[in-house]
Amino acid sequence: MTQAATAFNFILSALALIVLQLQQLTNLVASIQRLGGLTERLRQIEAQNIEAQDIQGTRIERREGEHIEIRNLTLMTPTQDSVLVRDLSVTVEPGRSLLIMGRSGIGKSSLLRAIAGLWNQGSGQIITPPRADLMFLPQRPYLIDGSLRQQLSYPASAEAFGDEPLVHALEQVNLAYLLERLTGLDADTAALKLSGGEQQRLAVARLLLRAPKYAILDEATSALDLKNENLLYRALLETGATMVSVGHRQSLMDYHPQVLEL
Ligand SMILES: Nc1ncnc2c1ncn2[C@@H]1O[C@H](COP(=O)(O)OP(=O)(O)O)[C@@H](O)[C@H]1O
Ligand SMILES: [Mg+2]
């Protein structure tokens, strides 16, 4: 009888274990779930760090080709503290000008810097035609000390163009009045004190003279009124140039079959 009672108690406590420990078991499940979540999150953070390191070490690959082509470009600032563009692919074939839009500080100029080869932090490929086929116009034109002839011919030398094309270019950008204010093409330009818009038009005149295959304009007509801006873009199109422009005005879409919104 005693042995039977002991055996019964053994079996009873063994079978009742789960019922008696239910409270603790529930606590254990909750703890396991929370620890599981934590481990999962830690794993994610680690993966992100590895991705960032992957980009930090690498450079954008550059090649020469027929036209401007960007493949899977991820672009970072030189200080590597922010990613400006992630996995961008775009092709600018001849006649398929590209307009880049987006709010200030988003990375429009930086993208052009990357095309120019000034910035190389990131990954992906940028293919551009040879240097001689490209011409860049920054938002604030670079003016040189010298005569109007030198100013217009830049970056070529003063002998590069005859009088006629120089005067024609001035007329195209509505700056022919400068010839009257000065005593001709060989007068010094320092006294002119050109306004921001006049400087931008002068820079576009350089572009019209040189007529590159690709013209890259970083808000290069931002100081101009709508009418003058349209005039310049029409003149640019007539040279047969394909453009990559940064600009804010909707009207620019008329001159660019492709639009990239950053
Ligand atoms: N030399 C630099 N080093 C680090 N960050 C830069 C540098 N130049 C610009 N940036 C940053 O990169 C971002 C994009 O700048 P930018 O391309 O000039 O803008 P936007 O679209 O107005 O042209 C900005 O946040 C700017 O502060
Ligand atoms: Mg800019």
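The values are calculated or read from the model by the stated rules, or taken from the named source; none is laboratory data. Everything numeric here is computed off the predicted structure, so don't read it as measured data. So basically every Cβ, Gly included, is an ideal-geometry build from the backbone, and we count neighbours across all protein chains shown.
Reported count of residues in the stretch 224-248, each being under 22 Å from residue 175 (Cα atoms) and either in contact with a Pro (Cβ under 8 Å, 6 or more places away or on another chain) or of a type in the set (A, V, I, L, M, F, W, C) (or both), is 8.
Residues of the stretch 85-115 that are closer than 15 Å to residue 58 by Cβ and either out of contact with any strand residue (DSSP E or B) (no Cβ under 8 Å at 6 or more places or on another chain) or within 16 Å of ligand 2 (Cβ to nearest atom) (or both): 85, 114. Considering only residues in the stretch 60-106 that are at pLDDT below 95 and buried (at least 19 other Cβ atoms within 10 Å of the Cβ), the one that is farthest from ligand 1 (Cβ to nearest atom) turns out to be 60. Among the conditions (1) under 24 Å from the mean Cα position of the chain (by Cα); (2) buried (at least 17 other Cβ atoms within 10 Å of the Cβ), the only one that residue 210 does not satisfy is (1). Taking the condition of being part of a loop (DSSP other than H, G, I, E, B) and free of Cβ contacts under 8 Å to residues at least 24 places away in the same chain, how many residues in the stretch 104-136 meet it? Adding up the residues that qualify gives 3. Restricting attention to the stretch 151-188 and to residues that are among the polar types (S, T, N, Q) and without any contact (Cβ under 8 Å) to a residue 12 or more places away in the chain, the residue that is farthest from residue 204 (Cα to Cα) turns out to be 183. When 121, 125 are screened for being within 12 Å of ligand 1 (Cβ to nearest atom), farther than 28 Å from residue 233 by Cα and assigned by TED's automatic domain parsing to the domain that holds residue 213, only 121 passes. Quick check on residue 181: is it modelled with pLDDT under 90, basic (Lys, Arg), farther than 21 Å from residue 230 by Cα and more than 16 Å from ligand 2 (Cβ to nearest atom)? Criteria met by residue 181.
If you go through the stretch 237-248 and keep only what is in contact with a helix residue (DSSP H, G or I) (Cβ under 7 Å, 6 or more places away or on another chain) and modelled with pLDDT under 95, you end up with 237, 239. Taking the stretch 225-250 as the range and being surrounded by fewer than 21 Cβ atoms within 10 Å (Cβ to Cβ), free of Cβ contacts under 8 Å to residues at least 40 places away in the same chain and within 18 Å of residue 139 (Cβ to Cβ) as the test, the residues that pass are 225, 226, 249. Checking the stretch 34-43 against the condition returns no match, with no residue being β-branched (Val, Ile, Thr) and modelled with pLDDT under 90.
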